[in-house]
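Asks: Dropping the structure in here first, questions after.
Values in this text are rule-based calculations from the coordinates and carry no lab data. This is a predicted model, so every value here is computed, not measured. All Cβ positions, glycine included, derive from the backbone under ideal geometry; neighbour counts span all protein chains shown.
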Amino acid sequence: MSLKVAVEFSKVPMESIALCMQCRECIDRCPHDLPIPDILMEHQDLYERQKAEIPGKQCRE
Ligand code: SF4
């Protein structure tokens, strides 16, 4: 899968991370005590870095 296709494929879930209010309620519900908001932010950062690497910014906004 090309970088461009990967970014387009993950666009909706990755850009919905911006809706996270950092309330941290999901942590109490997770049976594994995962730091879900932190994981989301790390993946959003990775997504934005990958998106910025697409030559000519050909990814649809
Ligand atoms: S992902 Fe977790 S911290 Fe973010 S809004 Fe949802 S419940 Fe709150």
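Asks: Using the structure shown, decide if residue 53 is away from the ligand (no atom under 15 Å from the Cβ) and of a type in the set (D, E, K, R). Steps first, please.
Replies: Numbers: away from the ligand (no atom under 15 Å from the Cβ): yes; of a type in the set (D, E, K, R): yes.
Yes.
Asks: Shifting gears a bit: Do we have residue 53 as charged (D, E, K, R) and in contact (Cβ under 8 Å) with a residue 24 or more places away in the chain here? Before you say what the answer is, go through the steps one by one.
Replies: On the way: charged (D, E, K, R): yes; in contact (Cβ under 8 Å) with a residue 24 or more places away in the chain: yes.
For residue 53, the condition - charged (D, E, K, R) and in contact (Cβ under 8 Å) with a residue 24 or more places away in the chain - is met.
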